[in-house]
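To start, the structure itself, in C-alpha cells.
Read-outs: derived from the displayed coordinates by stated rules, not from any lab. Because the structure is predicted, anything quoted here is derived from the model rather than measured. Here Cβ is always computed from backbone atoms with ideal geometry, including for glycine, and neighbour counts include all displayed protein chains.
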Ligand SMILES: [Zn+2]
C-alpha cells in the first residue's frame, strides 16, 4: 500500500506521543454501556489536531528495526509483565515477533500484518501491549490474572519492507501468491498442512505458535480497499469483520466466533467506526477458516484503506477493539452474546471509485484472487 509511507526519526516520536496521549483517554474500563464519551472525545480530538495542524500526512509507521526496538522497550518497561520473543524467521532473515502478557486461563491470540502492505494493525498492537501490559493498577493486574494474550506483531516483516502483500520468496511458483515474488501467507494455514510441509515460514511459525499457545480466541487484522453501504445509507465503511465460513468448522467454534465477532463489531462501533460484514470465502487455508477448523473462536478484521489523515483513527479504533476484547474475555462477557446478532451486521456495499494514482485495484485483501 503505497499510500502509507513509513516515516522515521523525530516525526515518528512526535506521532507516537500524540497517539499515547489519545490512547490514554481510551484506557478506562470498558463496560457494555453505550459509547464511552472518552472514546468519541479522543477520536474527535485527534481529528481536530490533525486538521488544525493542516496535516494530511499518514500515520507514522514503525520500520522493522523500530518495531524491534519498540517491543524490547515495552518488554523492559513492563518489568516482566510483557514477554517478547521471535517465533520464526522470514526468508530475508527477519524475526517474526510474538509478545505475550498475562497468566490467566482465558487465552487470546491476535495476528497483524500477514499482508505486508496492510500495516495499521501492527501500530494498534503496540498501543494495546502498552495499555494492557505496562500498568500496575488493580484492574490491570486483575485482567492479567484472567487472560493470557499473545500477539504476532507484523507477521510479514519482509512484505512490510518491500511494501507488498506477499512474503519474500524469489523461488515461489505458488498456487496463492505471485511467481518470483512470494506467497500469499494467508492461504497457508490449512490444518491439513503441517508446519513442516508449509512453504511459507511465517505461516508455519503462526501454525506452530497456535498449537503451542492453544488460544480459544484468534483475531487476524488486515486491511481492505474503500467501500460504502448501499444508497440511501451511503456511509463509508471503515471496518469489516467476519467469522469462519468453511462448512467443516465445528458448530461450537462457529458460535463462539460469531460471539467474538459481535463484540469486536460493537467495540469498533463505540470507537466511531462504521462496520460491515466482510464477504469472505470458504477456503481452508485462510486463517479465519483455518483456526475455526481447529476449534477456536476465529475472527477477521479488515481496516479500510482510508486517506492518510484518517490512518490514526483507523489505528486507534483497532487498538480499542484489541483492548476491549481482552477485557470482555476477562470479564466473561462473551458467552452471553447472542451469536445471531453477527448475521445482522450489514453486508459490505460497493467499492468506492478509486481516486486514482497509486492505489491498486486488488485491495480486497483477505480474499483477493
Ligand atoms: Zn490482508
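Which translational diffusion coefficient, to the nearest whole µm²/s, is obtained for segment 98-183 from the Stokes-Einstein equation, given a Kirkwood hydrodynamic radius over C-alpha pairs, 10 °C and 1.306 mPa s? Don't jump to the answer; show the numbers that get you there.
Values: Rh = 14.3 Å.
Once the numbers are plugged in, D ends up at 111 µm²/s.
Values of log10 I(q)/I(0) for segment 58-343 across q = 0.11, 0.15 Å⁻¹ run -0.58, -1.14, by the Debye formula with one identical scatterer at each alpha carbon and no solvent. Our summary of shape: the Cα atoms of segment 152-193 have principal axis extents of 30, 26, 12 Å, ordered from largest down, in whole angstrom.
For the pair residue 354 and residue 77 in one chain, pulling the backbone fully straight at 0.36 nm per residue adds 95.4 nm over the alpha carbon distance. If the chain linking residue 141 and residue 92 were pulled fully straight, counting 0.36 nm for each residue of separation and taking away their Cα-Cα distance, it would gain 13.8 nm.
So what is Rg over Rh here for segment 184-266, counting just Cα atoms and using Kirkwood for Rh? Please list the in-between numbers first.
Values: Rg = 15.9 Å, Rh = 15.2 Å.
Ratio value, two decimals: 1.04.
The convex hull of the Cα atoms of segment 46-201, projected and averaged over all directions, covers 11.4 nm².
Starting from the coordinates of the alpha-carbon atoms of segment 299-355, obtain the Kirkwood hydrodynamic radius over all distinct pairs and give the value in Å to one decimal. Could the numbers behind the result be given before it?
Details: mean 1/r = 0.0712 Å⁻¹.
Taking every pair of different Cα atoms in segment 299-355, averaging 1/r and inverting gives 14.0 Å.
Between residue 85 and residue 57, the distance separating the two model label sites (each 7 Å from Cα on the Cα→Cβ line) works out to 3.8 nm.
Averaging the Cα positions of each part gives two centres, and for segment 307-353 and segment 90-156 these lie 17 Å apart.
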